[in-house]
1. Pick from A:Asn285, A:Asn328: which is under 30 Å from A:Leu174 (Cα atoms) and out of contact with any Cys (no Cβ under 6 Å at 6 or more places or on another chain)?
2. Name, by its number, the condition in (1) surrounded by fewer than 17 Cβ atoms within 10 Å (Cβ to Cβ); (2) modelled with pLDDT under 90; (3) within 14 Å of chain A (Cβ to nearest Cβ) that does not hold for B:Gly2.
3. Among the residues of the range B:13-34, how many are within 7 Å of chain A (Cβ to nearest Cβ) and under 14 Å from the mean Cα position of the chain (by Cα)?
4. Return the only residue of A:Glu317, A:Glu354 being under 30 Å from A:Gln378 (Cβ atoms), among the acidic types (Asp, Glu), part of a helix (DSSP H, G or I) and modelled with pLDDT of 85 or more.
5. Return only the number of the condition from (1) within 14 Å of chain B (Cβ to nearest Cβ); (2) within 25 Å of the chain's Cα centre (by Cα) that A:Ser318 does not satisfy.
6. Looking at A:Lys118, is it assigned to a helix (DSSP H, G or I), under 60 Å from the mean Cα position of the chain (by Cα) and at pLDDT below 85?
7. Output the number of residues of the range B:74-99 satisfying the condition of being away from every other protein chain (no Cβ under 14 Å) and without any contact (Cβ under 8 Å) to a residue 24 or more places away in the chain.
8. Taking the criterion of being in a helix (DSSP H, G or I) and over 28 Å from A:Val135 (Cα atoms), would at least one residue in the range A:341-348 satisfy it?
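The values are calculated or read from the model by the stated rules, or taken from the named source; none is laboratory data. Being a predicted model, the structure only gives us computed values, none of them experimental. Counting neighbours? That spans all protein chains shown, and the Cβs are built from the backbone with ideal geometry, glycine included.
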Amino acid sequence: MQKLSVAGAALEIVLLIIYLISGSIAFIYAAGLVVVALMVILIVGLQSESSIQAERNEEEFDKYTRENQLLQEKLSQSEAQIQEMKAELREKDEYLHKYAVQCRKIAEATDAEKILSKVIVDKTETATLELTNHVYSIGDWSKDVDDMIQRVFGQLTSEEGGLRVQSVRMEEELRRIEQLIQEFKAIRDNYIGELEMIEKTMKSVDQFTATITDLSERTNVLAINASIEAARAGQAGRGFAVIAAEVQGLAKSTMKIADEISTTIESSVHTVKDSISTYGERLQNAVEKLAHSGEKHAAVIEQLTPQIDRVSEVIEESQKLSSSVTKNINDVTVHLQYQDSVRQILQHMVQLFESLAQEGVEFSAESEQLSQTEIEQQADEVRRLLKTFFTTREEWQAFGHEIDEDIVEETEKSDTQKNELNGDITLF
Amino acid sequence: MGSQILCVDDSVTIRKLVKKALEPEGFEIIEAENGQVALDQCGKCEVSLCIVDVNMPVMDGFQFVEALKQKPEYSHIPVVFLTTESAAQKKQVGKELGVKGWIVKPFEAPSLAKVVKMLVKQ
């Protein structure tokens, strides 16, 4: 080809020279010759070129054949790889499907957890509320008991009219009784002494009356003798006889008075003696009674004092107990509030699971469309799984009675016994 | 009855405990389970103090305080938060809202009563 180009170029130069030298006709003629010559040269050139080309083509054919074989081999390898990849893709599709199903299941489980969480919150809240009421009832009751003890026993030990004051008063009373006994004893002794004095005085008066009687008797005898002597004197003794009669009458009157005095004194002595005896006994009885009363007072005071001390202790203990109950209630109420924390923590857990489950649902929706039937199947499967875990009535009830018909029947049976027994009791 | 205290908490237990802690001190407790109900209660009673939880459904504690402060007739009512939240960041939010205090649950009845007495006196 290079050679042909060189020949062509040479021919063009020749033609240009001829054109420049001769005219147009000559030129055309010459050009025709040149063209013929050129064609001859070209054909010869082409023949040699084609043989070279044929050789080259053969070589290239061989080369292409080899390359084709290599490509064929590679193609078959690629096909095998494609098959492998398809198999892998099918596996991954299955895996993705399983994953999508699992995500749906987790979403269903999260809903179930939400329900169970609500059960926990409701039940614990109800229980905590009940507990709170009971705790405060105990507190109120304790306070009432303490108030009652303070009121009742407080009065007993109060400053005004209390047992302790009464006890002190009784002690004072006892001292007064003892003083009174001493005073009574002194009075009795004085009384007896004075009566004895009166008796002695009366006896001495009696002696005086005896003397008077004696004197009267002797005066009477003297008067009788004087009357006899006056009678003997006659007329001269008549005046003296009158005096003697008067003296005799006086002596008789004196005797009579002395007898009366003696009788009166004797009677008085008896009366005084009786009085000494009677009042002495009465005073003695009064003293004995007072002494007995004093002893009783002393015994009561002796018994009362430790009892009053015990009452004071009871009041103090009651106050301490009431304060302790109040403090314990305050502590318990602090712990009761953890229910609120538990509730919130549960809510946070549910929120986290919901968020994760939502991502799973979105993933499964993007990657794999699950049919409604499959979704329902997952829901059923989760419920079946849950059923294997459930142990409490609240769990069953949270998911409806249809989950366990046996429980419903048992509930209905137990309802019939509610009137007789409190609580969930089943008798066989 | 004494001063009216509005207790805003979605936990019935907490409301009960607040009631039991403050009633013996002579306060009357009004209850609300969320901020919205609490706002309604403010219009019905002479509230002297609000004890408010932070996390509640419908309207939370922060939203309630914001709404309260925007109403001229209620903006003077002092508020104290009673919550399980203890993060300084949240407390700062409360402070910026103008609340008077922040009590972290669980609370002790005598302490709560002291705080309430202090704030109601003011």
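1. Values: A:Asn328 fails: under 30 Å from A:Leu174 (Cα atoms).
Result of the check over A:Asn285, A:Asn328: A:Asn285.
2. (3)
3. Residues of the range B:13-34 within 7 Å of chain A (Cβ to nearest Cβ): B:13-14, B:16-17, B:20.
From the residues that got through so far, the ones that are under 14 Å from the mean Cα position of the chain (by Cα) too are B:14, B:16-17.
Residues that pass the stated criteria total 3.
4. The match here is A:Glu354.
5. Going through (1) within 14 Å of chain B (Cβ to nearest Cβ); (2) within 25 Å of the chain's Cα centre (by Cα) one by one, A:Ser318 breaks only (1).
6. Judged against the criteria, A:Lys118 is not a match.
7. Going residue by residue through the range B:74-99, those that are away from every other protein chain (no Cβ under 14 Å) are B:74-80, B:88-89, B:91-99.
Subsequent filtering for residues that are without any contact (Cβ under 8 Å) to a residue 24 or more places away in the chain retains B:75-76, B:88-89, B:91-92, B:95-96.
Final tally of qualifying residues: 8.
8. So the first thing to find is which residues in the range A:341-348 are in a helix (DSSP H, G or I), and the list is A:341-348.
After this cut, where a residue has to be over 28 Å from A:Val135 (Cα atoms) as well, the list is A:348.
So far as the range A:341-348 goes, yes, one or more of its residues are in a helix (DSSP H, G or I) and over 28 Å from A:Val135 (Cα atoms).
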